Each structure stands twice: as structure tokens, then as C-alpha cells.
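Down below is the structure, laid out as C-alpha cells.
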Amino acid sequence: MNAMLVPRYAKVHHRVKSSPAPAAGRPPGKPFMFDAAAETMPREKLLHLQLRRLRATLEDACASVPLHRKRMKAARIRPEDVRSLADLARLPYTVKTDLRDHYPFGMFARPHEQLSRLHASSGTTGKPTVVGYTHNDLATWADLMARSLACAGARPGDVIHNAYGYGLFTGGLGAHYGAERLGATVVPMSGGATERQVVLLKDFGARVLCATPSYALNIAEVAERDGIDLRRSKLKIGVFGAEPWSEGMRREIQIRLGLKAIDIYGLSEIMGPGVAIECEAQDGLHAWEDHFLFEVLDMETGAAVPEGHAGELVITTLTKEALPMIRYRTRDITRASTERCGCGRTHLRLKRITGRNDDMLIIRGVNVYPSQIESVLIGLPDIAPHYQLVVERKGNLDELGVEVEAMPSAGTGEDVYRALAERVRYQIKSLIGVTTTVTVKKPGEVPRSQGKAVRVRDLRPK
Ligand code: DLL
């Protein structure tokens, strides 16, 4: 009887006494956890904690942020009316354009003097999305990122090579402070200078690599080209996220770098990296429910989808001070499961994020996500795992071009490339049902990623 995520919460009405104190350590017979008390909290207790924190967040957001106050009033609900987590469904949503419309600081709940840091994401159009953190927010983020790294298999004393970009992007600094908080030695590389990254990965004896999956693949390729076998180095764990990637891509990276590739999820509007992460079982991302409330909704009806079904992930922050978010529509598509994981963590698991609502292409009536195309391409013989999609408008219809890259083993010549293109086109058509025009490029011709890969070139008139 666990069909719906939100109705399950409906039973919870009481308050909990206190929040868990971080207690590093390893309960007997359990895997290492950064905060075992929080990570294995019984679900009943976790849901009580969520309710208490939700009410506090709503009170704070309404008192400090005019937009939240206005929206709550329009929805005819006050923080004190929220008596159970089922009441969440009555709360208004927040969307990305709210942040843009209140650029730069209009949605902050704390004055400048209390802000310790700002981050921003550029986005494709218009103004950037600006997010802010108090001192406490940064401490919570470091804790959650340390918890996430430990969940991935990192340990105090490890060398963690951090190739997420440093700067306004949350990846670099988020992973950095988490690694330090864990008690690891962090190598603050940022993205780029890939040849140097490869040498230092080996020379400094990194056990953990943090990077986008597409950049990890770039690192693997440069290492192979330069004759450095990272599979024989100390590297054992990859903490990869910030962009959608497929199981095929995971297999490819694991084989080429000789490590276990762990999926990490996060977004700047909510915090940054460390909102959810896989454990060593690689079977869904543990989503840290003591700090965030997760809903998976059918956005046509606004209702929670049955557990295990795909829907849009909507997140409410429970402890954020500078930028509390009420029912933030992430646009990310996932499925949730409250089934207990073998690792002992009790927090719900999100399945791999397959893409964003707004990344979905409709090609002659067929809905397709870039990650679906990736799943077909990876593993095709003679095709390298680098690709770009090109969307164009011809008349009233959208057309999809797929640029793939031949491996040197494919041979050369027009006939070889034509036959390869036909094979790729046929595979995509038969597995996804969408008609594409495939162009085969020479080895090295598809641009390599330095951070988040550009998978789609949208040439449609705006
Ligand atoms: O990408 C934060 C991050 C940094 C996450 C490092 C993981 C590792 P933004 O730049 O705000 O923040 O982009 C957030 O990236 O809404 C998803 O669409 C996408 N995304 C992030 N992680 C994953 C993932 C960071 N593991 C947006 N799988 C999100 C699929 C992901 N998509």
C-alpha cells in the first residue's frame, strides 16, 4: 500500500523533538557513513522531522520573501494550516523564472550582511539565476556533500581530484568543501588542461575523481592517447553528475578509467551538488530527505504519480536560510522509490534523471530525449561515444540531425562512413522510432566536453 508518495505522508501529524546531530562513524555491521544517525533514520521519524522543518521554512519564507507571502495568500493557506505532509499539495509552486523575475536578490530571505556566498548559472537566455548562502547554509552544504562523497565510497584520507568547474558554477566549490569536510585531501583542478589532469591524477594518487561524465570520458581519451593507463592507477571511484548520462555511458567510463562510476545529482536553485547520490550499489540516488522534501508529480494534473512512475521532480528546501524554496519545479524527470536499500540508508531513492522537460524534442510526433539517443549510440561498433544533436525546422516540422564520430578502427572513405551512418540511422529508428539524418565525422571532430557537454544545437528560429 505505498502507491503514492504524498498520501503516504498523510498519516504524519506530530512533531519531533530534535534534529539529528552529525555523528561520523560506522554502526556495527553497516557500511561507513558520514552521518549514520541521519542517513538511517527510521522513515516515520524522518517524516516527522520533515513536517516540523517544513512549517519552520514556510514561516520564515512568508515572513521574509514577499513573493512567497503573496503566493501563499493567493493559495489561501498559512504556514500554521500545514498540519501534515499531505498539505504540501496545497502549496504554490516556485519556478526558475521567479528567480529571474526577481533578479538578482529579490527572493532572498536574508539581508546582504548575512550572506557568505553567491553562485549563479548562466542559462541559455536572459539573466542568470542567482543563488545565495548564509554561513549556516554553507556548513549544511559541506555536510551534505561530505555525506554524499562517503555514500559514493570516498573515505577520510582519500585524495579527491576535483575537476568540476570552480567559480559561479556550484560544482567546483560544492565538491571542494564537501571533500574537506569529509577529511579527504582535495586537489582543486577545475575543468580544462586535460593533459595535466591526467598526469596529476596518476602522480598524486587520486582515489576519487569528481567531474561531469562527459569530461570524465574526455580525461579517459587523453590518458589513452598519452599512454597513461589510469586503470592501473589508484583511481577507484568517479562521482559524476551535473548532466544527464546513460547506463551505456557509465559502462564505457567504468571500463576505460577502471573505476566505479557513481551518479550525483543537484541543482543550484536548491543548493548545488549533493542533493542526491547513489551508494556503492549503483541502484538509485539516495535523496537527502532530512534537508529536502521530494515530490514526483504529473505536471498535467499536478498530482503525485504512483511510486516508481516517471514524473517531474519538485523539491522544497527544509533547512535553507538565505534562499528557501517552496515546491521548486526542477523540470527534471525521474522516478522515486521508498524501497529499503541494502546499504541501510532509509531515504528515498530517485532513479537516474533521464532529462529535463524542456530538453524533450518532438520529432514528427515522437517524443525523444537526448539521453535516449545516447543509449543507442554508446556501444555501437566503430562509433565513438561523442555526439551532438542538431534540431532544425523544415517547413512546419522539426527535424533531427545526429552527428556521430567514427572510431579509427572503422576505416576511412565515403563508402565506409555512408554505411556507418545508415546503420546508426536504422538503430535509432528501430529502437526509438524517430527518423534522423546521421552525419559521421572523422575521429576527433565532435567537440569534447570541458564541463557540461553541449548535446543539442538548436537551429530552430526563436
Ligand atoms: O549541475 C549541480 C551539480 C554539480 C550537480 C556537480 C552534480 C554535480 P546546475 O548547474 O544548477 O547545478 O544544473 C542543475 O543539471 O536541474 C539537472 O537538469 C542537471 N543535472 C544535475 N545532476 C544531474 C544528474 C548542477 N546526475 C541541472 N543527472 C539539474 C542528470 C543532472 N541531470
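The values are calculated or read from the model by the stated rules, or taken from the named source; none is laboratory data. These numbers come from a predicted model, not from an experiment. In this analysis, Cβ positions are derived from the backbone assuming ideal geometry, glycine residues included, and neighbour counts consider all displayed protein chains. Note: areas computed on protein heavy atoms with side chains; ligands, DNA, RNA excluded. Shrake-Rupley method; radii C 1.70, N 1.55, O 1.52, S 1.80 Å.
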Could you order peptides 456-462, 347-353, 322-328, 253-259 by the average number of other Cβ atoms within 10 Å of their residues, highest first?
322-328, 347-353, 253-259, 456-462
The chain, accessible surface, carbon-and-sulfur percent (1.4 angstrom probe):
52 percent
Jot down the per residue volume, in cubic angstrom and as a whole number, of the convex hull over the alpha-carbon atoms of the stretch 315-462.
193 Å³
Can you spot the lysines whose alpha carbon is less than 18 Å from K320's alpha carbon? Ignore those fewer than 8 places along the same chain.
K96
With the charge dipole of the stretch 323-405 built from beta-carbon charges (+1 for Lys and Arg, -1 for Asp and Glu) about the Cα centre, the Cα from P385, V402, L350 projecting farthest to the positive end belongs to L350
Accessible area (Å², per residue) of the chain, counting only protein heavy atoms and a probe of 1.4 Å
43 Å²
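Sort the following peptides by mean Cβ neighbour count (other Cβ atoms within 10 Å, averaged over residues), highest first: 195-202, 311-318.
Packing order, densest peptide first, comes out as 311-318, 195-202.
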Which percent of Cα pairs goes in each bin when the distances of the chain are cut into 10 angstrom slices starting at zero?
4, 20, 29, 26, 15, 5, 1, 0
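Would you tally the net charge around I277, using a Cβ to Cβ cut-off of less than 9 Å, leaving I277 out, and scoring K and R as +1, D and E as -1?
Result for the neighbourhood of I277: -1.
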If you wrap the stretch 283-338's Cα atoms in a convex hull and average its projection over all directions, what's the area in nm²?
4.1 nm²
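How big is the dipole moment of the chain about its Cα centre under a simple scheme where the beta carbon of each Lys and Arg is +1, that of each Asp and Glu is -1, and everything else is neutral? Debye, nearest 20, please.
Its charge dipole is roughly 960 debye.
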Share antiparallel - DSSP beta bridges, the stretch 360-458, percent rounded to 5
60 percent
Under 8 Å for C-alpha pairs, at least 6 residues apart: give me the relative contact order for the stretch 324-462, rounded to a whole percent.
22 percent
How about K202: which lysines have a C-alpha closer than 21 Å to its C-alpha, ignoring those fewer than 8 places off in the same chain?
K234, K236, K260
Expressed in nanometres to one decimal, the distance between label points 7 Å along Cα→Cβ at A56 and M299 is 3.2 nm
To the nearest 0.05, the calculated FRET efficiency linking L168 and K394 through their beta-carbon distance, R0 being 41 Å, is 0.65
